[in-house]
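Reviewing the structure listed below.
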Amino acid sequence: MRSSAYVRHGLRILLAGLACMSCCKLAVAGDADDEDAATPPSAIPNIYLDMRTSYSTVPAGSLSIGLGSSAINTVIETIQALSRTGNSPLLPANLASPASRSAAIDLPLTVDVSDSVSIYGGATASTTQTDLTGWSSLAVTSWHLGFQADLYQQNGGLLPTATLQTTVTRSVPDGPLATTTFNNILEFNYAFDKDETRGWLAGVQYTLIDIDTPLARIGSNTIGYVGAYYQWPSNWKVTGRVGLQSFGGARLLQLASIASFTQPIVRLDLDRMDDNDNRLFGVTAEIAWVPKPAYQLTLRTPLYFVRN
């Protein structure tokens, strides 16, 4: 019952956010000149499967949330692996969370409603191994819904573009350690040129994880970061972000206790874009100290049904 209430609450947040984005889009459109207003937009938006294949490692006694809308998948995989470990009668109670490795395929169907608004939803399948267990069977471990929208666009002005991304993620199957996650990212992008081929980034990510049982707790996670990007005439683009992550700790029944920490995080992205700034291919590498380093490597290979 409790999880259903949180899911409904998450859906209300998404709907309210989309309504707000629509109002912002109308306000920005009202400022456009007559020539831009006369240009008809494409009748069909970009529609694609933003497939992400990732491999991650998490040290013992830790949870790694990381930076980005799909970073929470590592937490879900770690919790499910810990649950399988804790169910073994051969292992002692109050066992510290073992080191784990996981591979995942994330399949969000994405619709670029406009140049400034995207909505997405899909599922994630993963397999996990720990120091105490072998690789699990590949299975769907979560589903998610979300949107990304520009609250304000720089368009050559002095104020940076402000982008909000909100994602609600629900782990499956239901159980005492099932989670509902609300991940929000607000990022500012100050471009140095009209084509936005180079610029500075700054942002904050806030992640709230609710676990179904009142006997367990996962603290909130906040990341503040700065970064920069550069895109070559060949449409290869590199982006770097470095920041500080503050995690409130966790208590997972009698399975594990995870201490709070405040540690650095680094993320690097290499993307191949087309002339209309659609991603064709991407690689992301991330290191998060939790407090020992956790690593994640992600390959992005979008499959376009419609590409404008």
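No lab work stands behind these numbers, since they all come straight from the coordinates. Source: prediction; values computed, not measured. Cβ placement follows ideal geometry from the backbone for every residue including glycine, while neighbour counts extend to all protein chains displayed.
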Just for the Cα atoms in segment 131-230, what are the lengths along the principal axes, largest first, rounded to whole Å? 51, 30, 22
Calculate, in nm to one decimal, what Ile47 and Leu208 gain on full extension: separation in residues at 0.36 nm each, minus their alpha carbon distance. 55.1 nm
Whole Å is fine, so just give me how far the alpha carbon centre of segment 149-180 lies from that of segment 221-295. 15 Å
Cβ density ranking, 10 Å radius, fewest first, applied to Ser137, Ser97 yields Ser137, Ser97
Label-to-label distance, nm, for residues given as Asp275 and Leu186 (7 Å Cα→Cβ offset): 3.8 nm
State, to one decimal in nm, how far the label point of Val111 lies from the label point of Arg307, with both points 7 Å from Cα in the Cβ direction. 2.1 nm
Simple spin-label estimate for Val283/Leu244, 7 Å along Cα→Cβ, in nm, reads 3.2 nm
Which whole-number percentage describes the relative contact order of segment 205-299, with Cα contacts under 8 Å and a sequence gap of 6 or more? 20 percent
Between Trp232 and Ala123, what length comes free when the chain is fully extended (0.36 nm per residue of separation minus the Cα-Cα distance, one decimal in nm)? 35.9 nm
